[in-house]
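The values are calculated or read from the model by the stated rules, or taken from the named source; none is laboratory data. Just so we're clear, the structure is a prediction, and the values are computed from it rather than from any experiment. All Cβ positions, glycine included, derive from the backbone under ideal geometry; neighbour counts span all protein chains shown.
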Amino acid sequence: MNQRNYQRELDNLVKQNEASGKVPKLLLHVCCAPCSSFCLESLAPHFDVTVFFCNPNIDDPEEYHRRAEEEKRLLREMNLPRPVGFLEGEYNPERFHEAVRGHETDPEGGERCGICFELRLRESAKAAKAGGFDYFTTSLTISPMKSAPRLNAIGERIGAEEGVAFLPSDFKKKNGFLRSTELSREYGLYRQDYCGCSYSKREAAARKAQCSSAAKTDSAIVSASESSCRRCSS
Ligand code: SF4
């Protein structure tokens, strides 16, 4: 079976909208400022974008507010071709914990993450529908740790259920992840080293501990551990 190229689908849609002179309204769900930086750079020239910060998966309130404030700062400072709005979803970590109950020990990328994507994309679709947006999508596809086919399948299903179109994307294509690290440096963005929930925080800490013990062993293992440390950064 042919694999879909979500980024090419997005590019084609942009061309069609440009040919007909349309600037559609887009609600962009964002997980954090670093991941959203490249998405904003690539989408703002073609869409009337509003950012939707909806992340009840972040169960440490201090971390949640830090990421939300960093997103707002990025929107103030980033040089974009048109103004970008900011909306915040309800911050209710209890809802996340209830949704993932029984999946606390799933590894990152497992079933717990599917439930987490579903929760955040469902809220995004509802907000997009209520706000009269043409599309909704998510910055999550930029992460090398997250599957674009999985996220697009969930987004499209939820979009059909809620009556609002999901914009296909795979922001890690076209060196999107690399560009997000450059933009993060340029704007001095806070880059967390774990995905968001307490379970991913524990996993990231365990990976780091493994990396540093490997680093003490010999220099060949050091370079391998460095590349796996970079993978920790979402
Ligand atoms: S690892 Fe990330 S995507 Fe998976 S459940 Fe935790 S916060 Fe959600």
Q | Within the range 105-119, tally of residues that are more than 8 Å from the ligand (Cβ to nearest atom), of a type outside the set (Asp, Glu) and surrounded by 15 or more Cβ atoms within 10 Å (Cβ to Cβ) | A | 2
Q | Enumeration of residues in the range 120-155 that are within 13 Å of the ligand (Cβ to nearest atom) and in contact with a strand residue (DSSP E or B) (Cβ under 8 Å, 6 or more places away or on another chain) | A | Arg120, Leu121, Thr138, Ser139, Leu140, Leu151
Q: Given the conditions (1) touching a strand residue (DSSP E or B) at 6+ places or on another chain (Cβ under 8 Å); (2) within 18 Å of Cys54 (Cα to Cα), report the number of the one that Ser169 does not fulfil.
A: (2)
(Q) If I filter the range 89-98 for residues that are in the same structural domain as Phe52 (by TED's automatic domain parsing), modelled with pLDDT of 95 or more and part of a strand (DSSP E or B), do I get at least one hit? (A) no
Q: Being in a loop (DSSP other than H, G, I, E, B) and over 13 Å from the mean Cα position of the chain (by Cα) is the filter; apply it to the range 137-180 and report the residue that is surrounded by the most Cβ atoms within 10 Å (Cβ to Cβ).
A: Leu167
Q: Name the residue, out of Val49, Val30, that is more than 20 Å from Gln192 (Cβ to Cβ), at pLDDT 95 or above and buried (at least 22 other Cβ atoms within 10 Å of the Cβ).
A: Val49
